[in-house]
Amino acid sequence: GIYPYLEESPKVSRRDEYLELLLFRLKSLEDSADEALSLLTELLLQAEVDDVKRLREVLLEYRNDMRSAVIPAGHSFASLRARSRISHSAAVEEEWRGVEQLEFLSGLDPRNEEKMRALARRLSDLRGKLLRRERMLVNVTAEGEWVATLQQRIGALLPRFQGDGESGSEGRFGEERSAAAYAELGEPVDWEGLEIPAAVGYAALALPGAYFGEDAHALQVLIAHILKTDYLWEKIRMNGGAYGAGASAHGLEGLFSFFSYRDPSAADSLEVFLRGLEQIAEGRFTESDLEQAVISVVGHDLRPHSPGEKSLIGLRRTLLGITDDIRREKRRTLLAAGRDNLQEEAQALTETAEKAVRVLLASRDTVAEAAGRYPQARSRRARVSM
């Protein structure tokens, strides 16, 4: 299999620097390794990105896939949209796979031959800038005796890619971008309503949180687990009728977020989220809740992985600066957490509520009704192209 995808993240060691990656994962049997490596190389170097007819077909398919994903994955779109108003990292991800990407695709006209040719030229230029030797890092996972063999075979293929001193060379692997050089965050809003043709809605709320490597982040992970297994389950799923609800601590982005999924009371859920933090701050949870959260969170961190998963996780940790010392300190904080620690951290989160961003992805009538709840807020309403 060959799996290409994009990944973007701030670095743990330097939070104002970001790493954007284009990854290609390749998996094969040992006796097919040469053929697999050659195939990947040919695809990277010789794929006809300037074939306008094929580009038109791919564009239409990709756009339809994005549109058809909004309803089944509306919580992901809403959550990413809310986070993108606060985090530079999430803002880039929003351009790649969120509502911004969907609007961009909807604005492209596959029937316009001239614009399709211009798009093909941009793709060709982009490939020439990205696929260069000095920008590449190769990570190999194999049986011990095969690692050296694969290194040699990969080394023999790399000269086919242009490098320093050759035409148009620019950039290097690990070339970080600062927040100042990043695309601007979306317009400041406290509330945003996005209209979609659906009978159910999706609510999301994001607010500033702690960063990975800080004790507060470990505590926020426990708070999120208690909320999604107890409070949000009862208030949004059982009472509100939603199919799902959750909370997450995004340590790399320094955010804390909530979401609801296929929610007939999505507008109400926007008000429920912060009340959950208030309950934790008031100590309205049990020692058993805390114990189960610690067991679950620590157990998730220690769960076994396949060799391929271990390899990719190790690569990401190396690139982002997630050291064993940082992970060890997080586990120490989790195991030592007490009720007072969680109450204090929940109170700290509620004090950032004035910076919270709420996003509602729902029908026009639901969005219109919810808009009336935020008369003094910086608000925005838009219709999603579907």
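The values are calculated or read from the model by the stated rules, or taken from the named source; none is laboratory data. All values derive from a computational prediction rather than experimental measurement. Cβ coordinates were reconstructed from backbone atoms using ideal geometry, including for glycine residues, and neighbour counts include every protein chain displayed. Heads up: the accessible areas ignore ligands, DNA and RNA and are worked out on the full protein's heavy atoms, side chains in. Shrake-Rupley method; radii C 1.70, N 1.55, O 1.52, S 1.80 Å.
Restricting to region 147-167, what's the tally of residues that are in a helix (DSSP H, G or I) and either of a type in the set (G, A, S) or open to solvent by 50 Å² or more (accessible area, probe 1.4 Å) (or both)?
The qualifying residues number 9.
Mind telling me which of the residues R332, R339 ends up being open to solvent by 50 Å² or more (accessible area, probe 1.4 Å), over 26 Å from the mean Cα position of the chain (by Cα), within 28 Å of K235 (Cα to Cα) and at pLDDT 95 or above?
On the way: R332 fails: within 28 Å of K235 (Cα to Cα).
After ruling out the rest, the residue left standing is R339.
Okay, residues lined up against (1) assigned to a helix (DSSP H, G or I); (2) farther than 22 Å from V49 by Cβ:
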residue: A90; (1), (2): yes, yes
residue: P110; (1), (2): no, no
residue: D125; (1), (2): yes, no
residue: V138; (1), (2): no, yes
Response to the item:
Note on region 276-295: residues out of contact with any His (no Cβ under 6 Å at 6 or more places or on another chain) and either of a type in the set (G, A, S) or without any contact (Cβ under 8 Å) to a residue 12 or more places away in the chain (or both) are G276, A281, G283, R284, T286, S288, E291, I295
Worksheet item: I322: in a loop (DSSP other than H, G, I, E, B) and closer than 26 Å to L22 by Cβ, yes or no?
Response: yes
Discussion item. Of the conditions (1) closer than 30 Å to A210 by Cα; (2) open to solvent by 70 Å² or more (accessible area, probe 1.4 Å); (3) among the hydrophobic types (A, V, I, L, M, F, W, C), A82 satisfies every one except a single condition; which number is it?
Written reply: (2)
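Among the residues in region 92-105, are any open to solvent by less than 20 Å² (accessible area, probe 1.4 Å), of a type in the set (G, A, S), part of a helix (DSSP H, G or I) and under 25 Å from A242 (Cα atoms)? Explain how you work it out, then say what you get.
Just the residues of region 92-105 that are open to solvent by less than 20 Å² (accessible area, probe 1.4 Å), to begin with: 92, 94, 98-99, 102, 105.
Subsequent filtering for residues that are of a type in the set (G, A, S) retains 98.
Going one step further and asking which of them are part of a helix (DSSP H, G or I), we end up with none.
No.
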Practice prompt. Would you point out which residue out of D16, D50 is under 30 Å from T323 (Cα atoms), surrounded by fewer than 17 Cβ atoms within 10 Å (Cβ to Cβ), touching a helix residue (DSSP H, G or I) at 6+ places or on another chain (Cβ under 8 Å) and not basic (K, R)?
Written response: D16
Discussion item. Tell me whether region 365-373 contains one or more residues that are surrounded by 15 or more Cβ atoms within 10 Å (Cβ to Cβ), over 23 Å from the mean Cα position of the chain (by Cα) and closer than 30 Å to L137 by Cβ.
Written reply: no
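Does region 286-300 contain any residue that is under 25 Å from A336 (Cβ atoms), in a loop (DSSP other than H, G, I, E, B) and either modelled with pLDDT under 95 or not aliphatic (A, V, I, L, M) (or both)?
yes
Yes/no per residue for (1) among the hydrophobic types (A, V, I, L, M, F, W, C); (2) in contact with a Pro (Cβ under 8 Å, 6 or more places away or on another chain):
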{"position": "M238", "(1), (2)": "yes, no"}
{"position": "A245", "(1), (2)": "yes, no"}
{"position": "H250", "(1), (2)": "no, no"}
{"position": "L255", "(1), (2)": "yes, yes"}
{"position": "R262", "(1), (2)": "no, no"}
{"position": "D268", "(1), (2)": "no, no"}
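For region 27-38, enumerate the residues that are open to solvent by 90 Å² or more (accessible area, probe 1.4 Å) and either closer than 11 Å to L157 by Cα or aliphatic (A, V, I, L, M) (or both).
We begin by selecting, within region 27-38, every residue open to solvent by 90 Å² or more (accessible area, probe 1.4 Å); these are 27, 29, 31, 35.
L29, the sole residue that qualifies.
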Response to the item:
Of (1) at pLDDT below 95; (2) surrounded by fewer than 17 Cβ atoms within 10 Å (Cβ to Cβ), I322 satisfies every one except (2)
Worksheet item: List pairs: first in region 20-47 and part of a loop (DSSP other than H, G, I, E, B), second surrounded by 14 or more Cβ atoms within 10 Å (Cβ to Cβ), Cβ under 7 Å, 6+ apart or cross-chain?
Response: S28/A36
